[in-house]
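Each value in this text was obtained by applying a stated rule to the coordinates, not by laboratory testing. This structure is a prediction, so every number in the text was calculated from the model and none was measured. Here the Cβ positions follow ideal geometry from the backbone for every residue, glycine too, while neighbour counts run over all protein chains shown.
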Amino acid sequence: MAQIKFVVDRDPTHNVTITTIVQRVDPSDEIVIVTHTSNAALEFNQDSPLGHPAGERIVALPLEGTSPAPLRPTVSVDMSKQVAQCGEQDIKGVFSPWGLGTDAGGFPSNGPPKS
């Protein structure tokens with residue numbers, strides 16, 4: 001069963017924000033990963049922790065609105081650590097990362113890289 005953290009805050013002007021952080025996903029969970037960016041892809045640091053059709057090292061992401069089937073992890077995944085690099089895949093299957101540095105463009109990300 002996934003472990004999900006909710007951080008509930010109120011700023012001095014009384015605006016409430018709720019941040020959702022998925023800390024772990026397990027084989028019994030279903031996840032959906034989509035994009036608004038053409039040719040977006042993930043390149044996993046190790047073997048993909050996801051089952052078919054996302055079991056390859058590089059996975060093309062479906063566009064939002066296409067109703068992709070949910071994915072299931074094949075192992076428990078600590079989502080506090082970067083498991084993949086975000087980028088794009090060209091028509092020849094070549095992956096180009098978007099970010100530079102250890103955390104830039106990493107998946108999952110809990111915001112911009114810490115300096």
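Where Lys and Arg each count +1 and Asp and Glu each count -1, what net charge lies around H36 among other residues with Cβ under 15 Å from its Cβ? Write down the numbers at each step before the final one.
Working: positive: none; negative: E64, E88.
Cβ neighbours under 15 Å give a net charge of -2.
Remind me, relative contact order of segment 3-55 in percent, using alpha carbon pairs under 8 angstrom and six or more residues apart? Please report the intermediate quantities before stating the final value.
Values: 34 pairs, mean separation 12.9, N = 53.
About 24 percent, as a whole number.
Can you tell me the relative contact order of segment 29-103? Whole percent, Cα pairs under 8 Å, sequence separation 6 or more.
So the answer I get is 36 percent.
Please check which bits of segment 50-68 a label hung off S76 would reach, taking the label as a point 7 Å along Cα-to-C-beta and the cut-off as backbone N under 19 Å.
What the label zone holds, given the 19 Å backbone N cut-off, is 50-51.
Quick one: net charge around G93, please, counting Lys, Arg +1 and Asp, Glu -1 for every other residue with C-beta under 13 Å from its C-beta. Kindly include the intermediate steps, with their values, before the conclusion.
Values: positive: R57, K92; negative: E43, E56, E88, D90.
Surrounding charge for G93 is -2.
Take the Cβ-Cβ distance between A69 and T13 as r, set R0 to 41 Å, and report the resulting FRET efficiency rounded to the nearest 0.05. Walk me through the numbers before you get to the answer.
Working: r = 42 Å, r/R0 = 1.02.
That gives a FRET efficiency of 0.45.
Have a look at the chain and give its Rg and Dmax from the Cα atoms, expressed in angstrom.
In Å, with Rg to one decimal and Dmax whole: 15.4, 51.
Could you size up the charge dipole of segment 20-89 around its Cα centre, putting +1 on the beta carbon of Lys and Arg and -1 on that of Asp and Glu, and report it in debye to the nearest 20? Present the calculation step by step, with values, prior to reporting the outcome.
On the way: 4 positive and 9 negative charges, 14 e Å.
I would put it at about 60 debye.
Going by average Cβ neighbours within 10 Å, how do the peptides 12-21, 56-65 rank, with the highest at the top? Mind showing how you got there, number by number?
Values: 12-21: 8.2, 56-65: 15.2.
Listed from highest to lowest mean packing, they are 56-65, 12-21.
What does the charge count near V22 come to, summing +1 for each Lys or Arg and -1 for each Asp or Glu among other residues with Cβ under 14 Å from its Cβ? Write out the running numbers ahead of the final one.
Working: positive: K5, R24, K81; negative: D26, D29, E30, D78.
Neighbour charge sum, excluding V22 itself: -1.
Quick check: pseudo-label points 7 Å beyond the Cα along Cα→Cβ at V34 and H52, how many nm apart are they?
Result for the modelled spin labels: 2.4 nm.
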